[in-house]
Every structure is written in structure tokens, then in C-alpha cells.
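Below is one structure, written out as C-alpha cells; the observations come after it.
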Amino acid sequence: MALLRIISLCTALLLLSICASAQDGQGLISCLQQKGITNLTTSTSSSAYDSLLRFSLQNLRFTEPGVHKPYVLILPYKREQVVDSVGCCIKHGWQIVVRSGGHSYEGLSSTSDAPNFAIIDLINLDRVTVDMKSKTAWAEAGATLGHLYSAIGRKSADYGFPAGVCPTIGTGGHFSGGGMSLLSRKYGLAADNIIDAVLVDANGKLLDRKSMGEDLFWAIRGGGGGSWGVVIAWKVRLVRVPRKVTVFNVHRTGRNQVTDLVYRWQSIAPLVERDLFIRAVISGTQLQSGQKDVALTFNGMYLGPLDRLLKVANESFLEMGIVAGDCEEMSWLDSISSTSHTTTSQLLSRNNTNKGYFKAKSDFVTSPISPSGLEGAWKFLEEELSGYVIFAPLGGRMYEIPSSKTPFPHREGYLYNIQYQVTWKDTSKESGLVDWIRRFYRYMTPHVSKSPRGAYVNYIDLDLGTAVNGTASIAEARAWGDKYFGGNFDRLVKVKTKFDPNNVFRNSQSIPVNK
Ligand code: FDA
């Protein structure tokens, strides 16, 4: 439905938008017109421009009036139109910003610091075809995770795919940065399960794995979106899931209890059998007495039935105290809607009704944080109740994949990932809350991975450093590149230099060219 609306809305806008194109965008618009690209809207054309721009944008911070907006939003519905859109933008000197699901934490798919930029939004390229004979699927980059999961579920209850929880995330950006999920301990990242891709490169050429070669194919599977070209489609290997999985939520409150449990969890969750994924979500809370305290939810999934989960969990982590009432058996497809608080029928909707203003940061932990270190973290959470942390365990399959196999380097020896988030509705609170999360992050420095301090590119964080209009030197880009990619950063620079020497695809934290 949403797709139909977008196509018809854009078609209706076509004449308006072309007639009203601004003087300096005339060359670009004429070029697109000549190629028969009609699905576009410009900032000067119609009020629908704003709604189309906002539709996929998840972090409302980047919808604010002061944020730099694109001149034109191009919404191709055929692969050739992506090729032509890239060609026209390059020819007329327009910076290209690619958008698939619009979930970039820093709005990098919807805004840019380039003076003139155009968004190529793949929202209409959302087809998924599943082939149960080869146990593979082709997903266009504009398809959401919900599209992919539903398409697999329609074909088989025995297969799934290891990618993120939120169904509105785009496969385009998510797979480009890795893609962690509740299945990562069993099957690795989404990017670890990509076996082919179709990409429009910096010369405007349409390439597949064979024609792009193994270096570029390596870089696009985790080297971050926006640096390499426009991925149009991914071919993925499906993974086996049991007919019955068990989802659970175990809630605990109380500073001391939470410290003890999380301290123990750190040595169990990354090492327990890989069918069991237990993450810890921790926040501050206000008790009825008005006093502040700490609340913990262990939530996750077991790839098997309830009785087996209770046996495994109680043998390995008795202190968690999980009981049958904390758990629910369901199909893997239903577990997606359950963990993302939607319904299975909503998996195809791109309309995220939970959008908000937020700032996030990330870390990786390589040795358990001491009880006193954890207590210090709880103080931050008690100070700001709209903030929280998610500790997501690694281990299992993640430890077997060498750290240079894909650009995501946080493999053997990394116990878990931390995501810090703070959300707000009242925009006047932004600066205080952003300051809070930065102070919290500074506090965590001695407790997390070092040299480099790791970060996850899909939780992109411009606090780590930026370069105006993607023109960082290699030394400058290390500020974020080493954190996201560790020892893989240098190879990414080499690949970038070879395949995009003119730095066509760039953003505030893209991979730099070695000039
Ligand atoms: P978006 O369209 O914003 O793109 C992100 C980046 O990739 C931008 O730089 C963009 O230019 C580039 N890009 C997009 N499409 C491209 C294409 N086709 N070709 C080349 N470059 C492209 N992560 C995770 O690992 N596990 C999780 O469970 C979650 N959960 C989650 C929930 C929610 C609510 C949010 C907002 C985010 C997450 N994430 C996540 C983070 C998510 O993986 C990350 O934001 C991805 O980049 C989102 O991909 P989209 O296509 O939606 O983003």
C-alpha cells in the first residue's frame, strides 16, 4: 500500500516538480528527464517534497528546519534508472546521497554538508525473490528487513536470515554496515551471509560480484554505506531456523541485584551455547517512593522449545531465574514481530510509528567490567531516565569468522557490544541530553575496548570525528575508521582509492582516498 501511494504521489508530482525546478538544478533535472526518470520531486516544487523526505527518515533530529535538505529526491523504480541517476548527478556535479531505509543514526542518508546534493532513494526498489532450491534470496536494497523476513516466511518455516530486529530497516544501509541480530551468535552478521550483490559504481557502471571483483565485494559487506556506490540488490544465503523458537523477557529491579546479574552475564552470554541469545537492556527507573533505581531486562531468543531453553538457561545462568512465565514459544517469523513490538502483518509496512529524536553511541567490551565499574554506569542511568544501554553478546559463530574476513573487525575476544541511547520529544532538551550521553561515554573509557576503542559503523556516531564534505585525510579519518574497522581500515582505503579515486561517494565519515 505504502509503495503504491509513493509511486502515485510521485507520478502526480512529476509535472509540477519538473516545471518548478530551480535554476541551478536545471541541468540535472533535464538530464534525468532525458533519461525518462519521472519519479522525482524537488525542494521548490511541492509540499509533498517534505513528506517524501520525512517518510523514511527515522531520527527526527534531521527533520528540523535548520537541517540542510536535498534539492532533489529521485525515487527510481528500475535498476537502469539508478544507473542513469548516478550518471546525471556525476555529470552535473551533484553530490549523491543514497537512502534505503533511512535509519542512519546521524541522518547521513537524508542530509549532507555538500552545498548541492541529490538523494537517490531506493524505496521503490523493494522486491525480494526467494529460491528454496538453492536456499538463497535476492533482496533489492530498498527492501526492508520486514520485506525480506516475510518473503522467506512465505516460502518456508524452516529458514530465516540473521539481520536486525526492527522491520523497517533497509537492507541497503544495514547490510553495508554489517547487521547484528539475535541470530548473530549462531550465524554471524547479515554481511557474513551475502554471496553476491549488484552495485552501481563511481563510473556509473552496473557490476555484480564477478565484475566488481573480490576487493570491492569485500568492502561493501561491512565497510559502511555511502562510500562505495549504490548497492541495488543483495544475494543472501538463508539460514536454518527451528519451527519453534522461544522468546523471553526477564525483568529485574534493584541496583545491587542488577550489578550482580550483569556482572555474571558478561562471562556467560558470549560463551553459552550459540542457540541462546541473551541481551541485557538497562535503564534508570523511578520507584513509587520517588527514589531512583536501576531496571534490567534480559531479553532474547532460544532457537528451540521452551523446555530446552529452561534447561540450558538454568544450567548455565541459574541466577537469571528464568521461569516459563517469562517465555513464549512461537515461529521465528513471529519472533521478529514479537521482539520489535509489531504484528506479523505489519512486517511489510515501512511506516515506523515509533519515530523519535535520539542520539546513540557504541562500544565493544573485551574483558568483564568490574562491579564498581557497572555501578558507576548505573549512576548515569539514574541521572537520566530517558537514556538506556543495550549489552548485546557476541561469541559463537562471531568468534569463528576471522576479523579480516569482512570489514567488521570485532570478532574473537570481543565479549559484547554496548549501544547507548537517549531519546526525547521536547527539542529544547537536546543539548542537555547529548551532553549527558557524551559524559556517560567518557566515563566508560577505562571499561571498554582500547587501542582502538571499538565502535559499530551501523550505530554511526559523528562525535568520533567528521570531515567537511567527505574530504578527510587518511590521518583524520582514522579517528573513526580505526574504531569501526580496526586493522581493516587500511584495506578499505586501498579499495576506495582503486574504485572511487575521485571520491564520488562520500559523506562526513566515509572512507578517504589515498591521494
Ligand atoms: P539508511 O538509508 O539511512 O542508510 C544508512 C547509510 O548507508 C547511509 O550512509 C546511506 O547513504 C547508506 N546507504 C543506504 N542505502 C545504500 C545503498 N543501497 N547502497 C550504498 N549505500 C547505502 N543495526 C543492527 O546491526 N542491528 C539492529 O538490530 C539494529 N536495529 C536498529 C533499530 C532502529 C530503530 C534503528 C534506527 C537502527 C537500527 N540499527 C540496527 C542500525 C541500522 O543497521 C543502521 O542505521 C543502518 O545503516 C540502516 O540501514 P538503512 O538502509 O535503513 O539506512
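Each label point was placed 7 Å from the Cα along the Cα-to-Cβ direction; for Glu315 and Lys379 their separation is 4.1 nm. Ranking Val231, Val422, Leu53 by Cα position along the charge dipole of the chain, where only Lys, Arg, Asp and Glu carry charges on their C-beta atoms, puts Val231 farthest toward the positive end. Over the chain, Cα pairs under 8 Å with separation of 6+ residues give a relative contact order of 15 percent.
Given +1 at the Cβ of Lys and Arg, -1 at the Cβ of Asp and Glu and no other charges, the dipole of the range 128-240 around its Cα centre is 400 debye to the nearest 20. Accessible surface area normalised per residue over the range 203-247 is 39 Å², counting heavy atoms of protein chains with a 1.4 Å rolling probe. Scalar couplings 3J(HN,Hα) for the range 287-292, obtained by applying the Karplus form with A = 6.51, B = -1.76, C = 1.60 to θ = phi - 60°, are 7, 4, 5, x, 6, 8 Hz; x denotes Gly and Pro. Accessible area per residue for the range 116-169, computed on protein heavy atoms with a 1.4 Å probe, is 29 Å².
Taking 0.36 nm per intervening residue step and subtracting the Cα-Cα distance, what contour gain separates Lys78 from Ser30 on full extension? Let's see the in-between values first.
Numbers: separation 48, 0.36 × 48 = 17.28 nm, distance 1.87 nm.
Gain on extension, Lys78 to Ser30, equals 15.4 nm.
Using a 1.4 Å probe over the heavy atoms of the protein chains, calculate the carbon and sulfur portion of the accessible area of the range 128-240 as a whole percent.
Working: 1560 of 3160 Å².
The value for the range 128-240 is 49 percent carbon and sulfur by accessible area.
If you average the sequence gap of Cα pairs under 8 Å that are 6 or more apart and divide by the length of the range 13-121, what percent do you get for the contact order? Worked out over the range 13-121, it gives 30 percent.
Accessible surface for Asp426 stands near 70 Å², nearest 10, in the context of the full protein assembly shown (1.4 Å probe). Here the Karplus curve 6.51 cos²θ - 1.76 cosθ + 1.60, taken at θ = phi - 60°, turns the phi angles of the range 124-139 into couplings of 8, 9, 10, 7, 10, 10, 10, 10, 6, 5, 8, 6, 9, 9, 9, 10 Hz, with x standing for Gly and Pro. A 1.4 Å probe run over the protein chains yields, for the range 368-481, 41 Å² of accessible area per residue, whole-number rounding. So what's the net charge close to Leu303: Lys and Arg +1, Asp and Glu -1, counting the other residues with Cβ under 13 Å from its Cβ? Spelling it out: positives minus negatives among the neighbours equals +4. Here the spin labels are modelled as points 7 Å beyond Cα on the Cα-Cβ line, and at His341 and Met132 they lie 3.4 nm apart. Ordering Asn116, Asn352, Ala141 by the projection of their Cα atoms onto the charge dipole of the chain, which places +1 on the Cβ of Lys and Arg and -1 on the Cβ of Asp and Glu, puts Ala141 at the extreme positive end. How many nm separate the modelled label positions at Thr445 and Asn514, each set 7 Å beyond the Cα in the direction of the Cβ? Between Thr445 and Asn514, the label points sit 3.1 nm apart.
Based on DSSP H runs of at least 4 residues, each adding -39500 (n - 2.57), what is the mean residue ellipticity at 222 nm of the chain after dividing by all its residues, to the nearest 500 deg cm²/dmol? Intermediate results must be reported in sequence, preceding the final value.
Values: 16 runs with 169 residues, N = 515.
Only helices count here, giving -10000 deg cm²/dmol.
Computed 3J(HN,Hα) for the range 183-200, one whole-Hz value per residue from the Karplus formula 6.51 cos²θ - 1.76 cosθ + 1.60 where θ = phi - 60°, is 9, 5, 5, 8, 10, x, 7, 3, 4, 5, 10, 9, 10, 6, 7, 10, 9, 9, glycine and proline marked x. Most simply put, the range 13-121 has about 25% antiparallel DSSP beta bridges, counting only bridges with both residues inside it. Fully extending the segment from Glu328 to Leu287, taken as 0.36 nm per residue of separation minus the present Cα-Cα distance, adds 12.0 nm.
Residues Met320, Met132, sorted by accessible area with the largest first, give Met132, Met320 [1.4 Å probe; ligands and nucleic acids excluded].
A straight line joining the Cα centroids of the range 158-175 and the range 84-127 runs 21 Å.
I'd like the distance between the alpha-carbon centres of the range 334-373 and the range 188-223, rounded to an integer number of Å. With the range 334-373 and the range 188-223 each reduced to a Cα centre, they are spaced 27 Å. Shown for the range 13-121: the carbon plus sulfur share of the solvent-accessible area, taken with all protein chains present and a 1.4 angstrom probe, equals 54%. Classified by the C-alpha gyration tensor, the range 115-191 has an oblate form. Its axis ratio a/c, with a ≥ b ≥ c, is 1.5 or above, and a/b does not exceed b/c.
Using a probe of 1.4 angstrom, how much of the accessible area of the range 452-515 is carbon and sulfur, in percent? Intermediate values should be presented prior to the final figure.
On the way: 1330 of 2550 Å².
C and S fraction of accessible area: 52 percent.
Placing unit charges on the Cβ atoms only, positive for Lys and Arg and negative for Asp and Glu, gives the range 198-333 a dipole magnitude near 340 debye about its Cα centre. Of all DSSP-defined beta bridges confined to the chain, some 90% are antiparallel rather than parallel.
The values are calculated or read from the model by the stated rules, or taken from the named source; none is laboratory data. All figures in this text were calculated on a predicted structure; none of them were measured in a lab. Heads up, the Cβs are rebuilt from the backbone with ideal geometry, glycines too, and the neighbour counts pull from every protein chain shown. We work out accessible area using only protein heavy atoms, side chains counted, and drop any ligands, DNA or RNA first. Shrake-Rupley method; radii C 1.70, N 1.55, O 1.52, S 1.80 Å.
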